[in-house]
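Everything on this sheet refers to the single structure shown next.
The values are calculated or read from the model by the stated rules, or taken from the named source; none is laboratory data. Predicted model, so just to flag it, every value in this text is computed and none were measured. All Cβ positions, even for glycine, are placed from backbone atoms using ideal geometry, and neighbour counts span all protein chains on display.
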Amino acid sequence: MIGCYDFCGHYEWTFGWLEQLGGHELVRAYWDEAIHQDSQTHASGLIGSKGFEGMKEYWGPTLADEGAVYERTVMDDVFRIDMHECPSKGFLIRNGLHQYTDYCDHCMGWIGPLMRQAGFVVDHEHNHCGQCWWEMRRKADSTPASAPGTLGGDKDVRLRPGWKSAHTDHYERATDPDDKTAVS
């Protein structure tokens, strides 16, 4: 049996292997089917039935159990996560593992479809250094992503020194797949 962090290396290797086998579309299908529709059905159930309360119930214990260094901002109309130290990407960086072009994209690869199904949109950005941010709103809410510091205050990951120097434009808004205004 492999340890929790060793899993991250095998996980990333699988993404790279799938990409070689069938391209990025096969990798995205894997994220949706194997993660969203299979291993994370408990997240789908919580968020689908309880909305923002379900997000609190899912991400609070999950991120704490993984050892993430993060802040969350929860309001009546938005749930925001500022990830300052992602434990799985951090493991890959510390161990010099790089088998897939964008390991960080797997989160949006399963969370995006889950949130669309549950009636939410997601604004997300990551910088390949184990740092990212997420804002989840109800589908009917057309509010754009917040400006740095306006929701997360001084805990906003975009205010970290080096965020812009590490940033490589991976902003995505996960919306309904039929929405032609979606950015990815």
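Residues in the range 69-97 that are surrounded by fewer than 19 Cβ atoms within 10 Å (Cβ to Cβ) and free of Cβ contacts under 8 Å to residues at least 40 places away in the same chain: 7 in all. Here TYR70, TYR30 are screened, and the one residue that is closer than 24 Å to LYS155 by Cβ and either touching a Lys or Arg at 6+ places or on another chain (Cβ under 7 Å) or aromatic (Phe, Trp, Tyr) (or both) is TYR70. In the set (1) without any contact (Cβ under 8 Å) to a residue 60 or more places away in the chain; (2) under 18 Å from LEU92 (Cα atoms), the condition left unmet by GLY9 is number (1).
Exactly one condition in (1) at negative phi; (2) crowded, with 20+ Cβ neighbours inside 10 Å is false for GLY130; which is it? Result: GLY130 passes all but (1). Among residues of the range 102-122 that are on the phi > 0 side of the Ramachandran plot, those with a beta-carbon under 9 Å from a residue that is assigned to a helix (DSSP H, G or I) and of a type outside the set (A, V, I, L, M, F, W, C) at least six positions away or on a different chain give the pairs GLY119/GLY48.
To keep it simple, each residue is scored yes or no on (1) farther than 14 Å from GLN117 by Cβ; (2) buried (at least 16 other Cβ atoms within 10 Å of the Cβ).
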{"position": "GLN20", "(1), (2)": "yes, no"}
{"position": "ALA34", "(1), (2)": "yes, no"}
{"position": "GLN37", "(1), (2)": "no, no"}
{"position": "ALA43", "(1), (2)": "no, yes"}
{"position": "GLY51", "(1), (2)": "no, yes"}
{"position": "GLY54", "(1), (2)": "no, yes"}
{"position": "GLY60", "(1), (2)": "yes, no"}
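GLU53 passes every criterion in (1) more than 21 Å from VAL121 (Cβ to Cβ); (2) acidic (Asp, Glu); (3) at pLDDT 95 or above apart from (1).
The set of residues in the range 152-177 that are in a loop (DSSP other than H, G, I, E, B), more than 14 Å from GLY112 (Cβ to Cβ) and modelled with pLDDT under 95 comprises GLY152, ARG160, PRO161, GLY162, HIS167, THR168, ASP169. Based on this model, can you work out whether ASP6 counts as assigned to a helix (DSSP H, G or I) and surrounded by fewer than 14 Cβ atoms within 10 Å (Cβ to Cβ)? Taking the combined requirement at face value, the residue satisfies it. Scanning the range 114-151 for residues that are part of a helix (DSSP H, G or I) and out of contact with any strand residue (DSSP E or B) (no Cβ under 8 Å at 6 or more places or on another chain) yields LEU114, GLN117, ALA118. Mind checking whether some residue in the range 103-111 is surrounded by fewer than 19 Cβ atoms within 10 Å (Cβ to Cβ) and out of contact with any strand residue (DSSP E or B) (no Cβ under 9 Å at 6 or more places or on another chain)? No, every residue in the range 103-111 fails to be surrounded by fewer than 19 Cβ atoms within 10 Å (Cβ to Cβ) and out of contact with any strand residue (DSSP E or B) (no Cβ under 9 Å at 6 or more places or on another chain).
Selection of the range 52-86 for residues being more than 19 Å from SER39 (Cα to Cα) and part of a helix (DSSP H, G or I) yields PHE52, GLU53.
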